[in-house]
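The values are calculated or read from the model by the stated rules, or taken from the named source; none is laboratory data. For clarity, every value in this text was computed on a predicted model and none was experimentally measured. All Cβ positions, even for glycine, are placed from backbone atoms using ideal geometry, and neighbour counts span all protein chains on display.
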Amino acid sequence: MNQQSGLASAERDLADVVDVGIFTGKKTAGGKVRELRTRRAEKYQGKKDAILKQSGRLFSDLGFANASLDQVAERLGIAKPAIYYYFSSKEQILFECFIRAFDVADQIMKDVLELPLPAHRKLERYMRDYLISHLNGDAPSMPSHDLNALSLAYRTRIDRRRRVRRNRLRDLVSEAIRDQAFKPCDPAIFMSSWGGAASWVIESFDPRKGLAATDVADQVVGLFLRGVLVNPDQQDA
């Protein structure tokens, strides 16, 4: 495909997203203009989300270094130049995949902390919902080693967010120990072990093998917590 035909194809790909016919110079009521702008923004975000979703899958399957934007475009059925309407580079896509995953995890944390539950139940709920969100594809499953492909500025922003959530989780572990719901353990070791276990489960999960995401999450969290609960037989009480 030559450059001219490639750009023409990109314009067609974006037609349903940018909606170039929205503003034609005709006088339109204020409410109608706001409605059309909202629709335009929703279409733009929808296409951007689709690119992130497919890119995240490719990065997870092949690794960031081995995945290409040509493959992303092929999976989406669009021309590669269309991707650059939404992202300036492949690195920016990787960064936003991490940010999207962190947005989901942070929202789960926020919701859990508001529950009227003891610390160990909040932690159990977080772990379960975190796994389900990744196994169901609601959050991109990004291999941690791909962080090294990002610039220092991007890594610094990601590390800052990860540190805040990590410390809140460690605080829950410490609180569960004080409540005598958990056996004495190092909260840092607990969360590092959980992070490694969760990553392996997420990367190896195959929905075609019959287990639902909720079943996998229940089994993994149950097995993991049995080692630290003072009364593991009362876990579901």
### Task
Take the range 203-237 and flag every residue that is at pLDDT 85 or above, over 12 Å from MET127 (Cα atoms) and surrounded by 15 or more Cβ atoms within 10 Å (Cβ to Cβ).
ALA213, VAL228, LEU229
#### Entry: Residue in the range 110-128 that is touching a helix residue (DSSP H, G or I) at 6+ places or on another chain (Cβ under 9 Å) and either over 30 Å from VAL228 (Cα atoms) or not assigned by TED's automatic domain parsing to the domain that holds GLU175 (or both) present
no
#### Entry: Looking only at the range 85-117, and only at residues there that are of a type outside the set (A, V, I, L, M, F, W, C) and part of a loop (DSSP other than H, G, I, E, B), the one that is farthest from PRO143 (Cα to Cα)
PRO116
### Message
in contact (Cβ under 8 Å) with a residue 24 or more places away in the chain and touching a helix residue (DSSP H, G or I) at 6+ places or on another chain (Cβ under 8 Å): is that true of ARG162 in this structure?
### Response
yes
### Query
Considering only the range 175-229, how many residues are in contact with a strand residue (DSSP E or B) (Cβ under 9 Å, 6 or more places away or on another chain), assigned to a helix (DSSP H, G or I) and among the small types (Gly, Ala, Ser)?
1
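Confirm whether HIS134 is crowded, with 19+ Cβ neighbours inside 10 Å, closer than 21 Å to ALA198 by Cβ and over 20 Å from the mean Cα position of the chain (by Cα).
Values: crowded, with 19+ Cβ neighbours inside 10 Å: yes; closer than 21 Å to ALA198 by Cβ: yes; over 20 Å from the mean Cα position of the chain (by Cα): no.
No, not satisfied.
Kindly evaluate ALA73 against the criterion of being without any contact (Cβ under 8 Å) to a residue 24 or more places away in the chain, buried (at least 18 other Cβ atoms within 10 Å of the Cβ) and in a loop (DSSP other than H, G, I, E, B).
Numbers: without any contact (Cβ under 8 Å) to a residue 24 or more places away in the chain: yes; buried (at least 18 other Cβ atoms within 10 Å of the Cβ): yes; in a loop (DSSP other than H, G, I, E, B): no.
Considered against the rule, which asks whether it is without any contact (Cβ under 8 Å) to a residue 24 or more places away in the chain, buried (at least 18 other Cβ atoms within 10 Å of the Cβ) and in a loop (DSSP other than H, G, I, E, B), ALA73 comes out as no.
Inside the range 146-169, can you point out the residues that are in a helix (DSSP H, G or I) and in contact with an Asp or Glu (Cβ under 9 Å, 6 or more places away or on another chain)?
Pass one, the range 146-169, residues in a helix (DSSP H, G or I): 146-149, 152-169.
Within the range 146-169, LEU147, ALA149, TYR154, ARG161, VAL164, ARG165 meet the criteria.
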### Message
Here's a check for you: in the range 118-145, which residue that is over 23 Å from ALA213 (Cβ atoms) and part of a helix (DSSP H, G or I) is modelled with the highest pLDDT?
### Response
ALA119
### Message
Tell me whether the range 57-65 contains one or more residues that are without any contact (Cβ under 8 Å) to a residue 24 or more places away in the chain, surrounded by 15 or more Cβ atoms within 10 Å (Cβ to Cβ), of a type outside the set (S, T, N, Q) and in the same structural domain as ARG162 (by TED's automatic domain parsing).
### Response
no
### Query
Applying the selection to the range 46-56, what residues are free of Cβ contacts under 8 Å to residues at least 40 places away in the same chain and closer than 28 Å to SER199 by Cβ?
LYS48, ASP49, ALA50, GLN54
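So that you can scan it fast, the table gives a plain yes or no per residue for (1) farther than 17 Å from ALA139 by Cα; (2) touching a strand residue (DSSP E or B) at 6+ places or on another chain (Cβ under 8 Å); (3) at pLDDT below 50:
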position: SER5; (1), (2), (3): yes, no, yes
position: LEU14; (1), (2), (3): yes, no, yes
position: VAL17; (1), (2), (3): yes, no, yes
position: GLY30; (1), (2), (3): yes, no, no
position: LYS47; (1), (2), (3): no, no, no
position: ILE51; (1), (2), (3): no, no, no
position: SER55; (1), (2), (3): no, no, no
position: PHE59; (1), (2), (3): no, no, no
position: ALA65; (1), (2), (3): yes, no, no
